[in-house]
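Here you go, one structure.
Quick note: the coordinates plus some simple rules give every number you see, no bench work behind them. The structure displayed is predicted, hence computed values, not measured ones. Here the Cβ positions follow ideal geometry from the backbone for every residue, glycine too, while neighbour counts run over all protein chains shown.
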Amino acid sequence: MKSLLLIASFLLTAALYAGEGYKVGDKAASFKLKNTDGKMIGLSDFQDAKGFVVVFTCNNCPYAKAYQDRLIEIDKQFKTKGYPVIAVNPNDPAVEPADSYEAMVTRAREKGYTFPYLFDEKQEVNKHYGATKTPHVFVLQKTNNGELIVKYIGAIDDNYQDANAVKTPYLKNALESLLGGTDPQPSSTKAIGCSVKVKPSQS
């Protein structure tokens, strides 16, 4: 009986998370979280940015692992053009120990991450954005008055298994569109990845 209650609780939590979050065109809130170097990093620290690639990802999910090198490539290609990658781990390490902060520090060092890798310990940023998968991408564009507008939500590309077999690089196309002065098309795709591991107390 207890196991059934736990399953029901988990499903309810997942449903609540799925019903929240940003849509394309919404104004997104900035945030500040702990980076793997121990410093608190926020979007406001990137004064010269034209926008951001906020990607909810983690250490342990095979989908997230498959995209590690591609995210490094995207960051190197687009941060100099004004769109840096900001990676956020939304998972609760009590549910998935491999996604602990200590493991994040190790992963960032081993992979040579060129972008911040932030820990959403309270899972507040994840809830606001509405990320349900790892990885789950939100491209933000900064307006002249400093607001952050959601321009793209979803997947990085159409083939997580093989970077060389990608036919449609959704994220890169979205960024190229914004740099060219047009809105991304499509503006949203289905994020493919592992479910976000939420705290049981949030049910």
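For the chain, take the alpha-carbon Rg, divide it by the Kirkwood Rh, and send me Rg/Rh. It would help to have the intermediate numbers written out before the result.
Numbers: Rg = 16.4 Å, Rh = 17.1 Å.
Expressed as Rg/Rh, it is 0.96.
By DSSP, what percent of the beta bridges with both residues in segment 2-202 are antiparallel, rounded to the nearest 5?
Details: 21 of 29 bridges.
Restricted to segment 2-202, the bridges split so that about 70 percent are antiparallel.
Output needed: Cys residues of the chain lacking any neighbouring Cys C-beta below 4.7 Å, sorted by number.
Lone cysteines by the Cβ rule: C58.
Using helices alone, I'd like the mean residue ellipticity at 222 nm for the chain: each DSSP H run of four-plus residues gives -39500 (n - 2.57), total over residue count, nearest 500. Walk me through the numbers before you get to the answer.
Working: 6 runs with 60 residues, N = 203.
Here the helix-only value at 222 nm equals -8500 deg cm²/dmol.
Let me ask something additional. What whole number of Å gives the distance from the Cα centroid of segment 28-52 to the Cα centroid of segment 129-203?
Going from one Cα centre to the other spans 17 Å.
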